[in-house]
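Undergrad: Sharing a structure here in structure tokens format.
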Amino acid sequence: MLRILSVVLMMCVAILAVLAAGLWSPWWWAAAGPLLAVALLGVWDLLQRRHSVLRNYPVLGHLRFLMESIRPELQQYFVERNFDGRPFDRDTRSIVYERAKGTDAEEPFGTELDLYAAGREFLVPSMAPCPVPKDAPRVRIGGPDCTQPYDMALLNVSAMSFGSLSANAVLALNTGAALGGFAHDTGEGGLSEYHLRPGGDLVWEIGTGYFGCRTEDGDFDPDQFAEKAAHPHVKCVSLKLSQGAKPGIGGVLPGAKVNAEIAEVRGVPQGRTVNSPPYHRVFSTPRELVRFVARMRELSGGKPTGFKLCVGSRRQFLAVCKAMLEEGTTPDFIIVDGAEGGTGAAPLEFADNIGLPLTDGLMIVQNALVGTGLRERIRIGASGKVATGSDLVRRLALGADFTNAARAMMFAVGCIQAQRCHTNTCPVGVATQDPRRARALDVGDKSQRVMRFQEATVKSALQIMASMGVTDPAELGPHMLQLRVDTHTMSSYADIHSWLAPGELLQDPPAAWAADWHAADPDRFTV
């Protein structure tokens, strides 16, 4: 109460001082107005019960909230160094921006990194480099049950839905994919006109909400799926089991964001909150999963069909491999999403603690498919912080056939890592449904940037491979990737980790894999 009286007294004294001086001019009243407003703010701060800081420090306490609101910008532009920012450091963002703009992505005076720090990775150069191939290689996607195989580029647009991204962002990404001849994953938000209009190759992703091919009660609708999967721009179909940012958790799209356009694309009622469950209705066992993937391929007319997951349990993935063997059918591709992925907003506990990083998940999938003799039938995609040519080559060396990028592609269309994706206030119009913000993104300019970024990054990867004496990505292997274990010790991934021989799990499982292999059940997802 004493604080309230002091603020009121200060306000009264200020007003009386003005009156006593006889300062009746408009100029002085203009000065008295802000003073009165500050005094009233002080009274409000003392009366409110939500913020303790403001009750103890009226008016001045607001500076704390102001500084907190601009903390990310201060950190990014004035505090962090070129190489230690998160999630992506300035060096990585700069190289994406420069390649997207078509400018030189070169730096003078040597690296700023500590090359002797534990955890540093190195690609092994050859004493006999090869010429850089003129044409980028492509990967044939399509196993023995596929009748419409697709040749995938080494780098593609990873899954990002219309709804999470603006219409202009989707248009720019797909136009860039059409210009550059690479694929664009739709994300699980449905197949919109912005994906279809530019004519880029699409990987149609189906999530737990079955958006775009769902019944009124949220189940899978095979007729809708077959009709849309037949579209000529849809080259592959992907079933999303989980994503790196939040494996094992569903999503909620608030009703306020479900406008008429999004409602039509997703096949949901306008203005009503939509829940994506953490689990699929169409399967509950590894065997049912394998059968459903085969059914999706049949419904799509034989197009390449696969699934995406963030790996957690090696035993569960081995159970899926056993189901493939017993059912006699396999997906055409599997996309491994690393826990470092993050275009989708997620609880911090999930983003920080759930799921395996891409390197570990990729090695599990590669080894499991090789060890069960299935690797030749299935192509592996890798998604998780792929932004540079060296990122791409590292993933290929550990078993991937192709890679996908999400946040790097967002940088290419103008993202500044403001980390406001889930607030609908993206300052550059990428991750928003606010038309006033989205209009800032020029589709013509940004689609060219997407094309240039993908082309330059693949070119960089080919240059790196040539420096390693490799012309075909299939020649890469884990022995070409070195890891500094500590300050004095380096070892290759081939030596640090065990790598299974073709069919080894079927014949004589090694001790490190035997327990998981024997416990894996094709009729149960057991951890």
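Undergrad: Through the Karplus equation 6.51 cos²θ - 1.76 cosθ + 1.60, θ set to phi - 60°, convert the phi angles of the range 145-150 into ³J(HN,Hα) values in whole Hz; use x for Gly and Pro.
TA: 8, 9, 9, 10, x, 10
Undergrad: How much accessible area per residue does the range 200-323 have, in Å², with a 1.4 Å probe?
TA: Numbers: 4660 Å² over 124 residues.
In whole numbers, the range 200-323 has 38 Å² accessible per residue.
Undergrad: What ranking of 92, 103, 330 comes out by heavy-atom accessible area, probe 1.4 Å, highest first? Mind dumping the intermediate values first?
TA: On the way: 92 30, 103 75, 330 5 Å².
In descending accessible area the options line up as 103, 92, 330.
Undergrad: Residue 101: which aspartates and glutamates have alpha carbons under 12 Å from its alpha carbon, excluding same-chain residues fewer than 8 sequence positions away?
TA: Answer for residue 101, where 12 Å is the Cα cut-off: 445, 455, listed by chain and number.
Undergrad: Assuming R0 = 41 Å, can you tell me the calculated FRET efficiency for the pair residue 43 and residue 216, based on Cβ-Cβ distance, to the nearest 0.05? Write down the numbers at each step before the final one.
TA: Details: r = 54 Å, r/R0 = 1.31.
In this case the efficiency is close to 0.15.
Undergrad: How many nm separate the modelled label positions at residue 272 and residue 227, each set 7 Å beyond the Cα in the direction of the Cβ?
TA: According to this spin-label approximation, the distance is 1.9 nm.
Undergrad: Let me ask something additional. Return the carbon/sulfur percentage of the accessible area of the chain, one whole number, probe 1.4 Å, all protein chains in place. Write out the running numbers ahead of the final one.
TA: On the way: 13870 of 24930 Å².
It is 56 percent, rounded to a whole number.
Undergrad: Using a/c under 1.5 as the rounded threshold, could you call the range 241-312 rounded, prolate or oblate? The axes a ≥ b ≥ c are square roots of the C-alpha gyration tensor eigenvalues, and prolate needs a/b larger than b/c, oblate otherwise. Let's see the in-between values first.
TA: Values: a/c = 2.50, a/b = 1.51, b/c = 1.65.
Here the range 241-312 falls in the oblate category.
Undergrad: Same structure again: With P(r) over Cα pairs in 10 Å bins from 0, in percent as the read-out, I listed [x] 4, 16, 25, 26, 19, 8, 2, 0; [y] 4, 20, 32, 29, 13, 3, 0; [z] 4, 16, 26, 23, 14, 8, 5, 3, 1, 0, 0; which label goes with the value calculated from this structure?
TA: Working out P(r) over Cα pairs in 10 Å bins from 0, in percent from the coordinates points to [z].
Undergrad: Of the chain, which part is the longest with no chymotrypsin sites (Phe, Trp or Tyr not before Pro) in a loop (DSSP not H, G, I, E, B) and with at most 14 other C-beta atoms within 10 angstrom? Could the numbers behind the result be given before it?
TA: On the way: sites that count: 24, 83, 109, 116, 279.
In short, 280-527.
Undergrad: Oh, and also: Can you work out the accessible area per residue across the range 73-175, with the rest of the protein chains kept in place, probe 1.4 Å, in square angstrom? Walk me through the numbers before you get to the answer.
TA: Numbers: 5850 Å² over 103 residues.
Averaged over the residues of the range 73-175, the accessible area is 57 Å².
Undergrad: Quick one: accessible surface of residue 123, probe radius 1.4 Å, all protein chains present, in square angstrom to the nearest 10.
TA: Solvent-accessible area, nearest 10 Å²: 40 Å².
Undergrad: List the residues, sorted by chain then number, that are 5 or more residues from residue 151 or on another chain and whose placed amide H is less than 5 Å from its amide H.
TA: Answer set, sorted by chain and number: 141.
Undergrad: Using only the Cα atoms of the range 367-486, build the gyration tensor, take square roots of its eigenvalues as a ≥ b ≥ c, and label the shape rounded, prolate or oblate: rounded if a/c is under 1.5, else prolate if a/b is larger than b/c, else oblate.
TA: Prolate, because a/c is 1.5 or more and a/b exceeds b/c.
Undergrad: Mind checking the full-extension length gain between residue 418 and residue 80? Use 0.36 nm per residue of separation minus the Cα-Cα distance, one decimal, nm.
TA: Roughly 120.2 nm would be gained on extension.
Undergrad: Taking GluC sites (Glu not before Pro) as candidate sites, keep only those in a DSSP loop with at most 16 other Cβ atoms within 10 Å, then name the longest stretch of the chain containing none of them. Intermediate values should be presented prior to the final figure.
TA: Numbers: sites that count: 80, 106, 112, 216.
The segment 217-527 is the longest one with no such site.
Undergrad: Now, a different point. Label points 7 Å out from Cα along the Cβ direction at residue 126 and residue 101: separation in nm?
TA: So the two model labels end up 3.5 nm from each other.
Undergrad: At 0.36 nm per residue, and after removing the present C-alpha to C-alpha distance, how many nm does the segment from residue 527 to residue 50 gain when stretched out fully? Walk me through the numbers before you get to the answer.
TA: Details: separation 477, 0.36 × 477 = 171.72 nm, distance 4.43 nm.
Between residue 527 and residue 50, full extension yields 167.3 nm more.
Undergrad: Can you give the FRET efficiency to the nearest 0.05 for residue 288 and residue 425, using r as the Cβ-Cβ distance and R₀ = 51 Å?
TA: On the way: r = 41 Å, r/R0 = 0.81.
Given R0 = 51 Å and the Cβ-Cβ separation, E is 0.80.
Undergrad: Further question: Just add up the charged neighbours of residue 417: K/R +1, D/E -1, any other residue whose Cβ is under 12 Å from the Cβ of residue 417. Don't skip to the answer; put the middle values down first.
TA: Details: positive: 86, 90, 93, 407, 420; negative: 73, 80, 89.
In short, +2.
Undergrad: Take residue 489 and residue 507, extend 7 Å from each Cα along the Cα→Cβ direction, and tell me the distance between the two endpoints in nm.
TA: With each label point 7 Å from Cα toward Cβ, the separation is 3.1 nm.
Undergrad: May I pose another question? I want the local charge near residue 429. Using Cβ-Cβ distances under 11 Å, sum +1 for each Lys or Arg and -1 for each Asp or Glu among the other residues. The partial results should precede the final answer.
TA: Details: positive: 436, 437, 439, 446; negative: 434, 442.
Taking every Cβ under 11 Å from that of residue 429, the sum is +2.
Undergrad: Related question: Relative to 2.2 N^0.38 Å, what does the C-alpha radius of gyration of the range 29-171 come to as a ratio? Two decimals please.
TA: On the way: Rg = 27.1 Å, N = 143, 2.2 N^0.38 = 14.5 Å.
With N residues counted in the range 29-171, Rg over 2.2 N^0.38 Å equals 1.87.
Undergrad: Can you work out the Karplus-derived ³J(HN,Hα) for every residue in the range 90-104? Use 6.51 cos²θ - 1.76 cosθ + 1.60 with θ = phi - 60°, whole Hz, and x for glycine or proline.
TA: 5, 4, 5, 4, 5, 5, 5, 4, 5, 5, 5, 7, x, 9, 5
Undergrad: Using helices alone, I'd like the mean residue ellipticity at 222 nm for the chain: each DSSP H run of four-plus residues gives -39500 (n - 2.57), total over residue count, nearest 500.
TA: Calculated mean residue ellipticity at 222 nm is -12000 deg cm²/dmol.
Undergrad: Here's something else I'd like to know. Among the trypsin sites (Lys or Arg not before Pro) in the range 96-184, which ones are in a DSSP loop with at most 10 other Cβ atoms within 10 Å of the Cβ? Mind listing them?
TA: Working: sites: 99, 101, 120, 134, 138, 140; in loops: 120, 134, 138.
Answer by residue number: 134.
Undergrad: For residue 498 and residue 350, calculate 0.36 nm times their separation in residues minus their Cα-Cα distance, and state this gained length in nm to one decimal. Please report the intermediate quantities before stating the final value.
TA: Numbers: separation 148, 0.36 × 148 = 53.28 nm, distance 2.86 nm.
Here the answer is 50.4 nm.
The values are calculated or read from the model by the stated rules, or taken from the named source; none is laboratory data. From a predicted model like this one, the values you see are computed outputs, not experimental measurements. Backbone-built Cβ (ideal geometry, glycine too); neighbour counts: all protein chains shown. Accessible surface is based on the protein model in full, side chains and every heavy atom, while ligands, DNA and RNA are left aside. Shrake-Rupley method; radii C 1.70, N 1.55, O 1.52, S 1.80 Å.
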